[in-house]
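Remarks on the structure that follows.
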Amino acid sequence: MHLRELSEEIESISRRYADHLGIERDDTWFLLKLQEEVGELTQAFLMLTGRARTKGRTGAQLDADFRAELADVICHVLLMARHHGVDLETEIARKWLRWER
């Protein structure tokens, strides 16, 4: 799947979620929501690596939490890029993949 296709699917889900809860997804929301997800990823990482209390979660649960938070961060990056009209495939090619040539 390409990032554009993935971002379209994620956008649809995010829009329905926001509409259901009455959330206005403006510039600030996209940035703050991404920051929230990075914070949750940090917490999951700390718990997984034994640097924070595990709150009774098993190793498998901690691993699953970490994986899920990674997905949340990626999804919110895609949402923010889409909101601002950034073509991430092009930008990744320009910034990172040019080193492959």
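Of note:
- Mean Cα-pair separation over length for the chain, i.e. relative contact order, pairs under 8 Å, 6 or more apart, %: 37
- Summed over qualifying helices (DSSP H, 4 residues or more, each -39500 (n - 2.57)) and divided by its residue number, the chain shows a 222 nm mean residue ellipticity of -25000 deg cm²/dmol.
- The Cα atoms of the chain give a gyration tensor whose axes a ≥ b ≥ c have a/c of 1.5 or more with a/b no greater than b/c, which makes the shape oblate.
- In this Cβ point-charge picture (+1 for Lys and Arg, -1 for Asp and Glu), the chain has a dipole of about 420 debye about its Cα centre.
- Normalised per residue, the accessible area of segment 26-96 is 65 Å², obtained with a 1.4 Å probe and no contribution from ligands, DNA or RNA.
- Fully extended contour minus Cα-Cα distance, from A68 to T28, at 0.36 nm per residue: 12.1 nm
- Per DSSP, loop trypsin sites (Lys or Arg not before Pro) in segment 34-70 with at most 16 further Cβ within 10 Å: R51, R53, K55, R57
- Relative to the dominant Cα principal axis of the chain, helix 59-83 is inclined by about 20°.
The values are calculated or read from the model by the stated rules, or taken from the named source; none is laboratory data. A quick note: this is a predicted structure, and the numbers were derived from the prediction, not measured. As a convention, Cβ positions derive from the backbone with ideal geometry for all residues, glycine included, and neighbour counts pool all protein chains shown. Ligands, DNA and RNA are excluded from the accessible area calculation, which covers all protein heavy atoms including side chains. Shrake-Rupley method; radii C 1.70, N 1.55, O 1.52, S 1.80 Å.
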